[in-house]
Amino acid sequence: MTSRHLLSTFTGGLPRPFWVMWWGTVVNRLCGFVVPFLTLFLTARRDLTPVQAAVVVSALGLGSFLSQLIGGALADRVGRRRVMVLALTLSPPFLIVLGLAPTYPLILVAAFVFALISDMYRPASSAAIADLVPPAERTRAYGLMHWAVNLGFAFAPILAGLIAARSYTLLFAVDALTLLLYGVFILLGVPETGRPGGHRGPRPGTLAVLGREPMLLAFSALTLLFALIMRQAYVTLPLAMRADGLGEDTYGAVIALNGLVIAAVGLFSARVLAPLVAPRVLSAALLLAGLGFGLGALADTPAVYALGVVVWTLGEVAQAAVAPGLAAALAPAHLRGLYAGVLGATRGLGALIAPALGGWVLEQYGNGLWWGCLGLGLLGSLGFLLLNGPLQRRVHQGASADSTHA
């Protein structure tokens with residue numbers, strides 16, 4: 001089999017609008033400069049203290065958390081494409097304000113509003129993929145999208161460093177420009193799939209959906225466990241490595257394995273995972289996350305830390321490919337945006353909680369943090385195994401209901 005045929009095996013068969021979104025994601029992530037360099041910019045160019053800079057990053061996280069819920073609900077009401085275009089075209093001015101804001105309060109407001117608007121794109125995008133791609137191909141589609149995110153992000157810090165050396169203003173401007181460019185991609189190449197107005201009757205709010213859908217609530221709780229574990233990679237892992245006498249350069253080399261593993265297996269993993277039972281894959285993903293970070297309790301050399309990164313990255317790849325498809329399968333077609341928003345908000349909640357919680361546990365209990373990650377991974381893995389039957393029955397009921405009303 002030639003390399004061209006092999007590539008076609010793993011990427012062929014998906015609709016053209018999906019590839020418009022895929023390439024837009026690559027371009028956007030390739031120039032996603034601001035967030036990785038934001039703390040450095042705020043402390044070096046705006047003279048903020050590290051604590052003030054951390055609060056700004058938290059404001060981004062809070063805005064993203066709320067944005068997922070708002071964007072998901074809007075995607076169901078006004079359409080996926082409209083929400084994506086609005087988020088990608090209205091957020092760049094606030095990114096520019098963030099780069100130019102002279103005072104701390106204005107920086108905080110700009111960061112929050114930017115995240116609140118820009119991240120509405122995420123649940124709308126996830127719902128659009130579910131609308132465009134047949135159920136049997138969704139795992140592959142979401143896996144390829146996760147691969148695109150990491151493919152672009154792998155090179156973004158290099159480009160950002162080169163641009164920041166010349167001008168931080170240019171850094172913000174290029175990032176904003178690629179958001180606008182992505183919005184044009186969506187406007188010209190992606191049809192409206194949400195069929196706004198096509199569903200008759202009232203649309204329930206988020207709390208109402210969670211109240212009547214215990215499977216979504218349980219799924220979200222287990223996803224939160226996964227997020228709490230995975231967020232330690234960028235908060236407590238570098239601190240633990242420093243305590244073991246390993247410097248920032250070693251941490252950089254070790255954490256780079258995350259992107260390398262995703263680049264190596266991301267293209268092929270989605271095809272491999274597609275035929276498997278989703279809750280069992282998510283069970284394995286949580287187990288791998290727990291084991292990978294659990295190795296931190298035994299690690300004091302770069303090699304052991306590196307092994308842990310490889311293990312939990314495999315869990316990340318599996319979770320990213322399967323979780324959005326399961327959320328889409330649970331959702332009625334007219335609520336796919338809201339379900340995707342709940343899943344995204346769960347990850348955002350993990351991003352808000354994990355830094356403070358992980359830092360406190362590491363300070364108080366040292367390696368107890370890593371044993372705790374292992375425990376959470378085992379607990380979440382068992383949870384998905386116990387939910388395997390109920391989740392599959394709920395998915396089949398949803399599929400039957402959709403086909404009946406089609």
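The values are calculated or read from the model by the stated rules, or taken from the named source; none is laboratory data. Not measured: the values here are computed from a predicted model. Because the Cβ atoms are built from the backbone with ideal geometry, glycine has one as well, and the counts that use them run over all protein chains shown. Surface accessibility is based on the protein's heavy atoms, side chains included, excluding ligands, DNA and RNA. Shrake-Rupley method; radii C 1.70, N 1.55, O 1.52, S 1.80 Å.
General remarks:
- Condition met for Leu106 (among the aliphatic types (A, V, I, L, M), modelled with pLDDT of 95 or more and more than 22 Å from Arg82 (Cα to Cα)): yes
- Cβ-Cβ distances below 7 Å connect the following pairs, each with a first residue in region 155-171 that is without any contact (Cβ under 8 Å) to a residue 12 or more places away in the chain, a second residue that is in a helix (DSSP H, G or I) and open to solvent by less than 90 Å² (accessible area, probe 1.4 Å), and a separation of six or more residues or different chains: Leu170/Ile163.
- The test for being assigned to a helix (DSSP H, G or I), free of Cβ contacts under 8 Å to residues at least 24 places away in the same chain and open to solvent by 10 Å² or more (accessible area, probe 1.4 Å) does not hold for Val85.
- Among the candidates Gly337, Gly341, residue that is in contact with an Asp or Glu (Cβ under 7 Å, 6 or more places away or on another chain), in contact (Cβ under 8 Å) with a residue 60 or more places away in the chain and farther than 22 Å from Gly292 by Cβ: Gly337
- Residues of region 170-196 classified as within 20 Å of Pro123 (Cα to Cα), out of contact with any helix residue (DSSP H, G or I) (no Cβ under 7 Å at 6 or more places or on another chain) and part of a helix (DSSP H, G or I), total: 2
- Hits in region 88-145 - residues which are of a type in the set (Asp, Glu) and assigned to a helix (DSSP H, G or I): Asp131, Glu137
- Residue list for region 14-28, filter: within 13 Å of Leu187 (Cα to Cα) and open to solvent by 20 Å² or more (accessible area, probe 1.4 Å): Pro17, Val20
- Of the residues contained in region 64-78, none is found to be outside any helix (DSSP H, G or I) and either within 20 Å of the chain's Cα centre (by Cα) or in contact (Cβ under 8 Å) with a residue 24 or more places away in the chain (or both).
- Whichever residue in region 230-254 is crowded, with 18+ Cβ neighbours inside 10 Å and free of Cβ contacts under 8 Å to residues at least 60 places away in the same chain and, among such residues, is nearest to Val304 (Cα to Cα): Val254
- Yes/no for Asp76 being acidic (Asp, Glu) and surrounded by fewer than 22 Cβ atoms within 10 Å (Cβ to Cβ): no
- Residue match in region 221-237 (condition: modelled with pLDDT under 85 and part of a helix (DSSP H, G or I)): yes
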